[in-house]
1. Please count how many residues of segment 328-345 are more than 16 Å from the ligand (Cβ to nearest atom), under 21 Å from the mean Cα position of the chain (by Cα) and either assigned to a loop (DSSP other than H, G, I, E, B) or buried (at least 19 other Cβ atoms within 10 Å of the Cβ) (or both).
2. With the requirement that a residue be in a loop (DSSP other than H, G, I, E, B) and touching a Leu at 6+ places or on another chain (Cβ under 9 Å), what does segment 142-169 give you?
3. Out of the residues in segment 49-69 meeting the condition of being assigned to a loop (DSSP other than H, G, I, E, B) and within 12 Å of the ligand (Cβ to nearest atom), tell me which one is farthest from Q341 (Cα to Cα).
4. Is segment 292-311 home to any residue that is part of a helix (DSSP H, G or I) and surrounded by 17 or more Cβ atoms within 10 Å (Cβ to Cβ)?
5. Has segment 195-205 got any residue that is touching a residue at least 12 places away in the same chain (Cβ under 8 Å), away from the ligand (no atom under 16 Å from the Cβ) and of a type outside the set (A, V, I, L, M, F, W, C)?
6. If I filter segment 35-42 for residues that are buried (at least 20 other Cβ atoms within 10 Å of the Cβ) and hydrophobic (A, V, I, L, M, F, W, C), do I get at least one hit?
7. Among the residues of segment 17-43, write down those that are more than 13 Å from A62 (Cβ to Cβ), in contact with a Leu (Cβ under 6 Å, 6 or more places away or on another chain) and either within 11 Å of the ligand (Cβ to nearest atom) or among the basic types (K, R) (or both).
Amino acid sequence: MRQFSRSAAGLPQLGIGLIGTGFMGRAHAMAFRNVSAAFALPVQLRLAALADADAARATRCASDWGFDHAHSDWQQLISDPEVDIIAITTPNHLHYPMAMAAVEAGKTVYCEKPLAVSLAQADDMRNAAKKAGVVTRVGYNYQHNPIIGLARQMIESGELGQIVSFQGEFSEDFMADPASPWSWRCEEAHAGGALADLGSHLLALARHLMGDVEAVCADANTVHPQRPATVGSREKRFIAVDDQTHALLRFASGARGTFSSSWLKHGYKNHLAFEISGTRGTIAFDQERLNELRVCRADQGSFQRVLAGPALPGYAAFCPAPGHQLGYNELKTLEVHALIQAVFNQGKDGPDFEEAWQVERLAAAIRMAAREQRWVRITEL
Ligand SMILES: NC(=O)c1ccc[n+]([C@@H]2O[C@H](COP(=O)([O-])OP(=O)(O)OC[C@H]3O[C@@H](n4cnc5c(N)ncnc54)[C@H](O)[C@@H]3O)[C@@H](O)[C@H]2O)c1
């Protein structure tokens with residue numbers, strides 16, 4: 001394990017280096033700030049440095065969010081001796097060079113999803129991390145939800161009987177309007193498209209709950225092949241990535257499943273949802289109601305609503321009262337807590353680069369199945 005400096009109280013000190021200050025940069029910063037208020041940590045965290053390509057923004061965010069230093073060059077942050085954990089929250093095509101440099105520097109890497117822009121990159125990343133022996137984690141935050149922990153426990157304990165079906169969907173509507181402009185999320189070279197952007201979360205969750213997928217068949221299509229270059233612009237850009245992807249899944253357990261991801265389904269803002277049914281019951285979840293699991297046991301005949309509360313691991317760190325509800329940012333804090341535990345060998349298995357490669361392999365199999373219009377066994381990749 002990497003050696004850390006010690007605080008006045010004798011606790012090891014861990015320096016956090018954050019790259020990117022957008023949507024996810026802010027979420028990571030809040031999680032690193034909140035985690036010591038929520039949990040008794042075996043370590044003192046220090047917000048050591050922040051980097052963004054926009055130097056003025058880096059300086060402003062470092063000051064607003066409580067980081068000691070700002071860098072406009074991410075490579076300076078990686079070589080900063082005060083930084084032990086590198087959090088990568090930049091667009092997808094930058095994950096590979098940043099994570100590989102961080103691994104080479106022997107640092108812990110906490111990278112946003114999707115891990116990489118190709119399966120070959122993801123393969124390099126997992127191999128490099130394994131060789132260097134560094135801790136890695138990937139931002140599949142939804143699986144840290146205490147109510148997802150309950151779902152997993154119900155499946156593993158056999159309470160639902162033999163699991164026969166998984167129906168999963170991740171839909172949002174932020175690209176539903178054809179006038180929604182081009183962004184880096186529309187570029188294949190940047191791992192754009194609904195499957196990579198949203199579907200990677202659903203595939204990670206499907207694996208977390210159901211285990212390995214053996215084979216897939218799929219269909220993907222682009223509904224709006226042109227979008228304005230910027231908001232309101234008459235200049236058009238051609239788009240080749242998927243607006244929606246649908247797939248059938250065959251799990252190694254024998255269960256069957258469906259998968260869909262769409263970023264143009266009107267009405268949905270964060271509809272990461274599944275229904276899992278077994279021979280003795282069904283459970284249903286929707287991230288838009290993230291504190292709730294609907295459960296139907298065979299002898300009940302209809303669904304009951306189970307609300308998250310302090311009896312579920314992780315919930316009480318934020319709130320002693322049931323039904324008062326956790327939010328998206330608390331899931332990120334739970335993810336950071338799991339990361340810190342992993343650094344100190346106290347964590348359960350979590351989504352590291354090896355697991356993220358499995359997720360990328362599954363996504364690649366879905367793309368291949370859609371392209372070749374056939375069933376693809378995962379072992380073909
Ligand atoms: N886990 C989740 O729920 C979730 C949600 C949204 C986004 N994401 C992922 O987070 C990542 C970032 O997405 P976002 O929505 O925060 O994007 P964003 O566009 O809001 O932010 C990206 C940030 O990266 C910075 N940046 C770009 N190039 C840089 C460089 N060369 N050096 C340093 N900084 C650079 C930008 O200035 C910006 O601050 C993506 O991989 C995305 O898939 C995850």
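1. 3
2. Residues of segment 142-169 in a loop (DSSP other than H, G, I, E, B): 145, 157-162.
Passing the criteria: only N145.
3. In the first step, residues of segment 49-69 are kept if they are assigned to a loop (DSSP other than H, G, I, E, B); the result is 52-54, 66-68.
Narrowing further to those that are within 12 Å of the ligand (Cβ to nearest atom): 52-54.
On the way: D52: 27, A53: 30, D54: 32 Å.
Among residues in segment 49-69 that are assigned to a loop (DSSP other than H, G, I, E, B) and within 12 Å of the ligand (Cβ to nearest atom), the one farthest from Q341 (Cα to Cα) is D54.
4. Step one: of segment 292-311, the residues part of a helix (DSSP H, G or I) are none.
No, segment 292-311 contains no residue that is part of a helix (DSSP H, G or I) and surrounded by 17 or more Cβ atoms within 10 Å (Cβ to Cβ).
5. Here is the first cut: in segment 195-205, the residues touching a residue at least 12 places away in the same chain (Cβ under 8 Å) are 195-205.
Now drop any that are not away from the ligand (no atom under 16 Å from the Cβ), which leaves none.
Within segment 195-205, none of the residues are touching a residue at least 12 places away in the same chain (Cβ under 8 Å), away from the ligand (no atom under 16 Å from the Cβ) and of a type outside the set (A, V, I, L, M, F, W, C).
6. Initially, segment 35-42 is screened for residues buried (at least 20 other Cβ atoms within 10 Å of the Cβ), giving 35.
Filter once more, keeping what is hydrophobic (A, V, I, L, M, F, W, C): 35.
Checked segment 35-42: at least one residue is buried (at least 20 other Cβ atoms within 10 Å of the Cβ) and hydrophobic (A, V, I, L, M, F, W, C).
7. The one that is more than 13 Å from A62 (Cβ to Cβ), in contact with a Leu (Cβ under 6 Å, 6 or more places away or on another chain) and either within 11 Å of the ligand (Cβ to nearest atom) or among the basic types (K, R) (or both): H28.
Here is a yes/no grid of residues against (1) in contact with a strand residue (DSSP E or B) (Cβ under 6 Å, 6 or more places away or on another chain); (2) outside the structural domain of A284 (by TED's automatic domain parsing); (3) surrounded by fewer than 16 Cβ atoms within 10 Å (Cβ to Cβ):
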residue: A189; (1), (2), (3): no, no, yes
residue: L198; (1), (2), (3): yes, no, no
residue: H208; (1), (2), (3): no, no, no
residue: V216; (1), (2), (3): yes, no, no
residue: R234; (1), (2), (3): no, no, yes
residue: Q244; (1), (2), (3): yes, no, no
residue: L249; (1), (2), (3): yes, no, no
residue: A255; (1), (2), (3): yes, no, no
residue: S262; (1), (2), (3): yes, no, no
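The values are calculated or read from the model by the stated rules, or taken from the named source; none is laboratory data. This is a predicted model, so every value here is computed, not measured. When we count neighbours, we look across all protein chains shown, and the Cβ atoms used for this are built from the backbone with ideal geometry, even at glycine.
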